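Take a look at the structure set out below.
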Amino acid sequence: MSQKEIVDETKVKLEELEQRIRAARLGPHATEQIVSQAQKDWDDMLRTHADIRRRLEGTNDHSSDALEGIRLDIDVLRNSFERWMGRVEDKFARDK
């Protein structure tokens, strides 16, 4: 796979994750009742996402190590998001 293909694929993955994050924030479980720690975690995820996007779009000449680091960061962010969703959904399920 060429470097351009890897960058393009990585951008698609990042965009898909962004759409899932936005949809979750607007979903039925996301209300004003989100506790402060969940809100802090949410804000951290958005900052991380923005940082990854800046690094990915910052240059057209990414080394393979830099691309691998970005792809790993996306996987870590995705995992953080999945854990966040589990905690938030669990909290709202218990509150009902």
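The values are calculated or read from the model by the stated rules, or taken from the named source; none is laboratory data. Given the structure is predicted, the values throughout are model-derived calculations rather than measurements. Here the Cβ positions follow ideal geometry from the backbone for every residue, glycine too, while neighbour counts run over all protein chains shown.
Data table
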| quantity | calculated |
| --- | --- |
| Check on Ala50, in a helix (DSSP H, G or I) and at pLDDT below 80 | no |
| Scan of region 42-80 for residues that are surrounded by 11 or more Cβ atoms within 10 Å (Cβ to Cβ) and among the acidic types (Asp, Glu), ordered by number | Asp44, Asp51, Glu57, Glu68, Asp73, Asp75 |
| Per-region count, region 54-68, residues more than 21 Å from the chain's Cα centre (by Cα) and outside any helix (DSSP H, G or I) | 3 |
| Top-ranked residue in region 14-47 [being among the small types (Gly, Ala, Ser) and either more than 14 Å from Trp84 (Cα to Cα) or part of a helix (DSSP H, G or I) (or both); ranked as modelled with the lowest pLDDT] | Ser36 |
